[in-house]
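First the structure, in the form of structure tokens, and then the observations on it.
The values are calculated or read from the model by the stated rules, or taken from the named source; none is laboratory data. Computed from a prediction, not measured in an experiment: that's the story for all the values here. Heads up, the Cβs are rebuilt from the backbone with ideal geometry, glycines too, and the neighbour counts pull from every protein chain shown.
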Amino acid sequence: MHELSIVLNIIDIAESEAVKAGALAVRRIELNIGKLSTVEPMAFEVAWKQAVRNTMLEHAGLVTNYVSGKGKCTECGTVFGMNELFDPCPACGSFFSEVIQGRELQVKSINIDS
Ligand SMILES: [Zn+2]
């Protein structure tokens, strides 16, 4: 389950930010997760609940924003909504497109208790 390694990575980032700020705990964390990333929401939440135990994020509120996918056709330049990687361009049918949104996996904000 690769969600667990992603979660551990996020916890790492959040804890080091909190430590830098001299905080004792993370109160709330907000994440942007692209719908075209490889994260499976259910697996992610299960992994999260297990991984935050005994960390500074144990009682942190988790807010996840699932960012929808967007691609740009490299043939005709049309920008379109993507539900899956390799969705064809709706204008010309080309399968060649560049993903411009939806693969991100980032910490948007962290609120801490000091
Ligand atoms: Zn196109």
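Per-structure values
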| quantity | calculated |
| --- | --- |
| Among the residues listed as S114, S109, the single one being within 30 Å of V26 (Cα to Cα), of a type outside the set (V, I, T), touching a Gly at 6+ places or on another chain (Cβ under 7 Å) and exposed (fewer than 14 other Cβ atoms within 10 Å of the Cβ) | S114 |
| Unmet requirement for V26, which otherwise passes all of (1) within 16 Å of the ligand (Cβ to nearest atom); (2) in contact with a strand residue (DSSP E or B) (Cβ under 6 Å, 6 or more places away or on another chain) | (1) |
| Residue in the stretch 97-111 that is free of Cβ contacts under 8 Å to residues at least 60 places away in the same chain, touching a Pro at 6+ places or on another chain (Cβ under 9 Å) and either of a type in the set (S, T, N, Q) or within 16 Å of the ligand (Cβ to nearest atom) (or both) present | yes |
| Within the stretch 92-106, tally of residues that are buried (at least 16 other Cβ atoms within 10 Å of the Cβ) and of a type in the set (G, A, S) | 2 |
| Qualifying residue in the stretch 57-80 (condition: more than 13 Å from the chain's Cα centre (by Cα), away from the ligand (no atom under 16 Å from the Cβ) and modelled with pLDDT under 95) | no |
